[in-house]
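Visitor: A single structure is presented below for examination.
Read-outs throughout are calculated quantities, based only on the coordinates presented, and are distinct from any laboratory measurement. Computed from a prediction, not measured in an experiment: that's the story for all the values here. Positions of Cβ are backbone-derived with ideal geometry, glycine not excepted, and every protein chain shown enters the neighbour counts.
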């Protein structure tokens, strides 16, 4: 009697991502699994504050805002299903391209029109040198990089496949930033009060 050989298959990168413990965020970037713990309180404060600034006027059309956007915090973007998986801090889609969220899905398969990465000392290099080129490769039209410690916002627009800086703002400036230039954002409102 011949013994059967058991072949063990290694879990795919996406299966590894799905198996991560709670509190760990995973992304598959250029064929490599990246993990990171939950962000700092300052990071979370900036993320929540920016979402609040944008959702009212741009998603709901409140306060004289133009509406027309769908904005999501930490969506799981699948540029290639289960193969190129990015999780920006915020992403936005113009409703004519993505009118509603797919029911009971955790994947977004439509390339967003805007992404925002909130930088931290442990993720800044990855956000700048790995994720920004991926966003450009897949045609994200606008990207923001926000530093909640340095109190800066950098805005970029994709032109001919390359990022062009459209603004660099700091401190407590009141700014109009594409693609959300229809409403002024007071940067002071994005920075966490600290001791």
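Visitor: Any idea what the relative contact order of region 40-190 is, in percent, if you count C-alpha pairs under 8 Å spaced at least 6 apart?
Guide: Across region 40-190, relative contact order equals 18 percent.
Visitor: Test of understanding: ordering 103, 131 by Cβ neighbours within 10 Å, fewest first, what list do you get?
Guide: Fewest to most other Cβ atoms nearby, the residues stand as 103, 131.
Visitor: Between helix 41-54 and the chain, what is the angle of the helix's C-alpha long axis to the longest principal axis, kept within 0 to 90° and rounded to the nearest 10?
Guide: 60
Visitor: Next question. What ranking do 143-152, 168-177 get when scored by the average of other Cβ atoms within 10 Å per residue, highest first?
Guide: 143-152, 168-177
Visitor: Here is a follow-up. Could you calculate the contour length gain from residue 188 to residue 95, that is, 0.36 nm times the residue separation minus the distance between their Cα atoms, to one decimal place in nm?
Guide: So the chain would gain 30.6 nm between residue 188 and residue 95.
Visitor: When a/c reaches 1.5 or more, the comparison of a/b and b/c decides; with that in mind, is region 26-123 rounded, prolate or oblate per its Cα gyration tensor?
Guide: Oblate.
Visitor: Nearest 500 deg cm²/dmol is fine: what mean residue ellipticity at 222 nm does the chain get from its DSSP H runs of n ≥ 4 alone, each adding -39,500 (n - 2.57), divided by its residue count?
Guide: Estimated from H runs of four or more residues: -3500 deg cm²/dmol.
Visitor: What order do you get for 185, 134, 80 when you list them from fewest to most C-beta neighbours inside 10 Å?
Guide: Taking fewest neighbouring Cβ atoms as first place, the list is 80, 134, 185.
Visitor: Okay, next question. Can you tell me how region 40-190 classifies by the Cα gyration tensor, rounded, prolate or oblate, using a/c under 1.5 as the rounded cut?
Guide: In terms of gyration-tensor shape, rounded.
Visitor: Also, I was wondering about something else. Considering the chain as a Gaussian network with a 10 Å cut-off on Cα pairs, which listed residue, 18, 84, 76, attains the greatest mean-square fluctuation?
Guide: 18
Visitor: Using the count of nearby Cβ atoms within 10 Å as a rough guide to exposure, how do 46, 194, 123, 35 rank from fewest to most?
Guide: By the 10 Å Cβ count, ascending, the order reads 194, 35, 123, 46.
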